[in-house]
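Student: My structure is below; once you've seen it, I'll send some questions.
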């Protein structure tokens, strides 16, 4: 058996191994919030994620693969000996897989993108020197890792703020949830369908012009919105107790709380009789607020909020599927990019400036991701879904909406962003909407630390593996 054949087998095994560990670790970014909020069981999450992760990898994966494969290392540095680049890509895959498996075992939600990019930078800089790295592209990638959690957090914060104001801080939360649900579904679906039809069907040679794309996406979004309308309006709304003569209005309570805070600020800045009069007003507001709260029907309120969460539990399943699709589209590149580059060299004997990623390679990565998520995915799901902040279906929906939108848009731009960063940023954004005390700061700190150490650890393991391969095959 020739050296090239052995290397080809090792590359395929390492690529599949890395994809398996991507599924084991990064699955939390797709399904962790759904499981944490109770919208999905782990078994159902695995089944749905298997379908949509694979579909996203197959239809969208090649766009980001191009960045991972040729956008980081200057392949001309290795033109004299193409096998050196094969060793490097094989080492990067192996190093990434080892680190991800270690992290998954302990339940650490690390960034697979950090790991693979760090590995490629590591061997590229050691062998080719500083000039072997496209530092402009690397800087662009680093910037995306900072921007993506911020954007994900902002979108999630904004969406959850709307839900609180339009649903939870109203006297008729269920009715308002019914009105808002079709709109949210329409907006979310139309974004994803337009993105898919513009670029995601290229591998099966299906193309649409702009007018066709807009018409089909509007039609599909309208259909989904209509179905959601009939679904939510089939849910019965509990009626208020006849003994409660004065309706309980959360908007009034919220306004009174804000008024009291402003009075306290004014009171602290006042002296003498003015301070005393402000304290009396503050007491009056307390009495008025208590009077309103006495008219609350606890059972009615709980049942209405339970129905709202039930509605958003259904919506969260939809957003979770979209998040899985987006994750498969973006993170399959972490395994397939280096694999595709190495196989191209082994098959042609030279380093090509551009290569087409075959569908079978995308499928290989998709299968690996699915198997990884089905076996070890539960370890990291618990961290993302339960330890950062307390999640409910409405909070999980807001987080997944922000994260999925950010990740899918980034995949269309060819940015190998970290879905870990994006999803964690979105979950943190939802937590901050309720106040910083709603966050588990220790868990958040540990996650941030894991982001920092992943790049150097990935680079170190890759370099060690690279020299081991040189020792064996060189």
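Student: Condition test on residue 232, is it part of a helix (DSSP H, G or I), surrounded by 12 or more Cβ atoms within 10 Å (Cβ to Cβ) and modelled with pLDDT of 70 or more?
Tutor: yes
Student: Could you say which residue among 153, 88, 139 is surrounded by 22 or more Cβ atoms within 10 Å (Cβ to Cβ) and farther than 26 Å from residue 385 by Cβ? Lay out the reasoning, then the answer.
Tutor: On the way: 153 fails: farther than 26 Å from residue 385 by Cβ; 139 fails: surrounded by 22 or more Cβ atoms within 10 Å (Cβ to Cβ).
Among 153, 88, 139, only 88 is surrounded by 22 or more Cβ atoms within 10 Å (Cβ to Cβ) and farther than 26 Å from residue 385 by Cβ.
Student: Sort through 99, 108 and tell me the only one that's out of contact with any strand residue (DSSP E or B) (no Cβ under 8 Å at 6 or more places or on another chain) and either on the phi > 0 side of the Ramachandran plot or not in a helix (DSSP H, G or I) (or both).
Tutor: Testing whether each residue is out of contact with any strand residue (DSSP E or B) (no Cβ under 8 Å at 6 or more places or on another chain) and either on the phi > 0 side of the Ramachandran plot or not in a helix (DSSP H, G or I) (or both) leaves just 108.
Student: Name the single residue that is surrounded by the most Cβ atoms within 10 Å (Cβ to Cβ) among those in segment 429-442 being assigned to a helix (DSSP H, G or I) and in contact with a strand residue (DSSP E or B) (Cβ under 9 Å, 6 or more places away or on another chain). Break it down stepwise before answering.
Tutor: As a first pass, look at segment 429-442 and keep what is assigned to a helix (DSSP H, G or I): 429-433, 436-438, 441-442.
Going one step further and asking which of them are in contact with a strand residue (DSSP E or B) (Cβ under 9 Å, 6 or more places away or on another chain), we end up with 430-432, 438.
Details: 430: 31, 431: 26, 432: 16, 438: 15.
This residue is 430.
Student: Which condition number in (1) modelled with pLDDT of 85 or more; (2) crowded, with 16+ Cβ neighbours inside 10 Å; (3) in contact with a helix residue (DSSP H, G or I) (Cβ under 6 Å, 6 or more places away or on another chain) is the one that residue 107 fails?
Tutor: Every listed condition holds for residue 107 apart from (1).
Student: Just to be sure, is residue 456 at pLDDT 80 or above and surrounded by fewer than 16 Cβ atoms within 10 Å (Cβ to Cβ)?
Tutor: yes
Student: Further question on the same structure: Just to be sure before I move on: is residue 98 at pLDDT 85 or above, under 25 Å from the mean Cα position of the chain (by Cα) and surrounded by fewer than 24 Cβ atoms within 10 Å (Cβ to Cβ) in the structure I sent? Don't jump to the end; show me each part of the working.
Tutor: Details: at pLDDT 85 or above: yes; under 25 Å from the mean Cα position of the chain (by Cα): yes; surrounded by fewer than 24 Cβ atoms within 10 Å (Cβ to Cβ): yes.
Against the criterion (at pLDDT 85 or above, under 25 Å from the mean Cα position of the chain (by Cα) and surrounded by fewer than 24 Cβ atoms within 10 Å (Cβ to Cβ)), residue 98 qualifies.
Student: Something else about it: Which residue out of 468, 371, 409, 423 is crowded, with 16+ Cβ neighbours inside 10 Å, assigned to a helix (DSSP H, G or I) and more than 17 Å from the chain's Cα centre (by Cα)? Please lay out each step first, then the result.
Tutor: On the way: 468 fails: crowded, with 16+ Cβ neighbours inside 10 Å; 409 fails: more than 17 Å from the chain's Cα centre (by Cα); 423 fails: more than 17 Å from the chain's Cα centre (by Cα).
Exactly one of 468, 371, 409, 423 is crowded, with 16+ Cβ neighbours inside 10 Å, assigned to a helix (DSSP H, G or I) and more than 17 Å from the chain's Cα centre (by Cα), namely 371.
The values are calculated or read from the model by the stated rules, or taken from the named source; none is laboratory data. All figures in this text were calculated on a predicted structure; none of them were measured in a lab. In this analysis, Cβ positions are derived from the backbone assuming ideal geometry, glycine residues included, and neighbour counts consider all displayed protein chains.
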